[in-house]
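The values are calculated or read from the model by the stated rules, or taken from the named source; none is laboratory data. Keep in mind that what you see is a predicted model, and the values were worked out from it rather than measured. As a convention, Cβ positions derive from the backbone with ideal geometry for all residues, glycine included, and neighbour counts pool all protein chains shown.
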Amino acid sequence: MSELDKQLAGSKDDIYLSQISEITEDERKELRTKVPREFHDFLDVFDKKAAEEYLEENLWKGFITPSNAPYTSPILFAQKSNGDLQFCIDYQKLNALTKKDWYLLPLIDETLAQMSGCKFITKFDIIAAFNKLHMDPGSEDLTTFITSIGLYKNCVLPFRLTNRPASYQHYMNKILLPYLNDFVQAYLYDIIIYSKTRKEYTQHFQTVLEKLHEAGLQVDTKKSGFFVQETTFLGLVVSTEGLKMAP
């Protein structure tokens with residue numbers, strides 16, 4: 001392991017709880033009516049095998065646990081660019097009943113304005129970012145999904161929940177709050193650091209790294225860029241010269 005990898009290896013402590021929303025008993029009754037137990041019975045043998053592997057891995061990690069909730073959401077699979085199957089939960093009906101969290105995500109124009117005059121850029125990609133947020137125990141049942149071998153609920157913030165991006169953005173902003181809009185910006189699991197001099201770069205890099213370590217976050221060195229003049233951010237190529245579309 002290189003010295004950089006050692007610096008970037010964080011602990012596994014989890015912080016912050018994520019609530020779907022404050023749901024009253026009347027709204028829970030509405031959920032029982034509008035989000036009944038659904039099951040997509042058209043999964044082929046490959047999907048079922050992928051589902052079993054997902055359940056086994058995530059039960060072991062503590063990301064999911066068995067449930068007996070009176071309402072469930074069905075599962076489905078999306079194909080990744082490499083051909084692998086991604087396990088997903090169809091939360092459309094739950095999302096329709098969820099009170100929206102309107103916490104703002106960063107605006108690219110504001111980020112570019114803050115980067116004006118910078119000479120060096122670093123981008124961190126956070127590993128398994130959303131798994132760092134635990135669900136509030138009162139909201140776990142609402143995430144219950146149904147499979148051919150039983151019901152399970154999420155203990156960490158799952159994919160496809162409507163408030164997932166806002167919850168994670170709030171989490172990241174709280175971690176980096178003292179330095180946001182100064183020399184660092186976070187967009188969900190991507191963090192960009194911008195510096196005008198080599199000395200500033202070293203200070204900024206170490207400062208952000210320490211904050212990530214304190215939060216137990218880990219950086220994916222393969223997807224990150226260090227001490228560069230150009231990187232991708234928000235689907236665009238951001239450089240010390242300005243902005244252009246990603247190829």
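Points to keep in mind about this one:
- Considering residues of region 198-218 that are out of contact with any Gly (no Cβ under 8 Å at 6 or more places or on another chain) and among the polar types (S, T, N, Q) only, the residue surrounded by the most Cβ atoms within 10 Å (Cβ to Cβ): THR207
- Where a residue in region 72-99 is under 19 Å from LEU55 (Cβ atoms) and its partner, wherever it lies, is in a strand (DSSP E or B) and among the hydroxyl-bearing types (Ser, Thr, Tyr), with Cβ under 9 Å and at least six apart: ILE75/THR147; ILE89/SER73; ASP90/SER73; TYR91/SER73
- Condition check for PHE145: at pLDDT 90 or above, under 17 Å from MET115 (Cα atoms) and more than 18 Å from the chain's Cα centre (by Cα): no
- Test: ASN131 is surrounded by fewer than 20 Cβ atoms within 10 Å (Cβ to Cβ), free of Cβ contacts under 8 Å to residues at least 24 places away in the same chain and not aromatic (Phe, Trp, Tyr): no
- Which numbered condition ILE121 misses (of (1) surrounded by 20 or more Cβ atoms within 10 Å (Cβ to Cβ); (2) touching a helix residue (DSSP H, G or I) at 6+ places or on another chain (Cβ under 8 Å); (3) under 30 Å from SER195 (Cα atoms)): (2)
- Subset of region 176-188 that is surrounded by fewer than 20 Cβ atoms within 10 Å (Cβ to Cβ) and more than 15 Å from LEU104 (Cβ to Cβ) - its residue that is modelled with the highest pLDDT: TYR179
- Screening region 54-96 for residues that are at pLDDT 90 or above and of a type in the set (D, E, K, R) and picking the one that is surrounded by the fewest Cβ atoms within 10 Å (Cβ to Cβ) gives GLU56.
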